[in-house]
Amino acid sequence: MGESQSRYSIVERLTTMKLEIMNGKLALKDEVRNKEQNIAKLKNDLDNWKKDVQEDIKREQRKREIEIDRSAQDYKNAEEQMNDQIKVFEEQVKAIEEALKSIEEISKTSPTIQS
């Protein structure tokens with residue numbers, strides 16, 4: 001019987017070693033699969049980041065285009081106001097010149113009173 005117990009313990013140890021090796025093999029496969037999944041996740045994160053950056057660029061570009069449009073409209077409005085104001089100034093100058101001519105004509109035709 002000693003011999004069969006000895007064989008039994010050898011078989012038991014070998015079976016235990018086999019299970020440990022199989023568990024180690026599974027652990028390696030799991031580790032490699034996790035690394036592969038991590039790569040896929042990182043690639044997905046990169047793609048999402050690229051999309052976010054593109055959207056950010058589009059938003060920023062649109063914001064700047066709107067700013068340019070507003071500035072162009074402000075310029076156009078200021079130019080129109082300037083032209084209107086220049087017309088008013090020219091009319092005022094013309095009115096003053098006419099008043100001065102009238103005074104000059106009156107001065108020529110009327111005698112000056114000296115005190």
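Please treat every number below as a calculation from the coordinates, not as lab data. Computed from a predicted structure; not experimentally measured. We place every Cβ from the backbone using ideal geometry, glycine too, and count neighbours over all the protein chains shown.
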Any residue in the stretch 68-77 that is in a helix (DSSP H, G or I) and either among the small types (G, A, S) or touching a helix residue (DSSP H, G or I) at 6+ places or on another chain (Cβ under 9 Å) (or both)? yes
Residue satisfying all of: in the stretch 1-22; acidic (D, E) and over 60 Å from the mean Cα position of the chain (by Cα); surrounded by the fewest Cβ atoms within 10 Å (Cβ to Cβ) among these: E3
Given the criteria surrounded by 10 or more Cβ atoms within 10 Å (Cβ to Cβ), of a type in the set (V, I, T), without any contact (Cβ under 8 Å) to a residue 60 or more places away in the chain and assigned to a helix (DSSP H, G or I), does I106 qualify? no
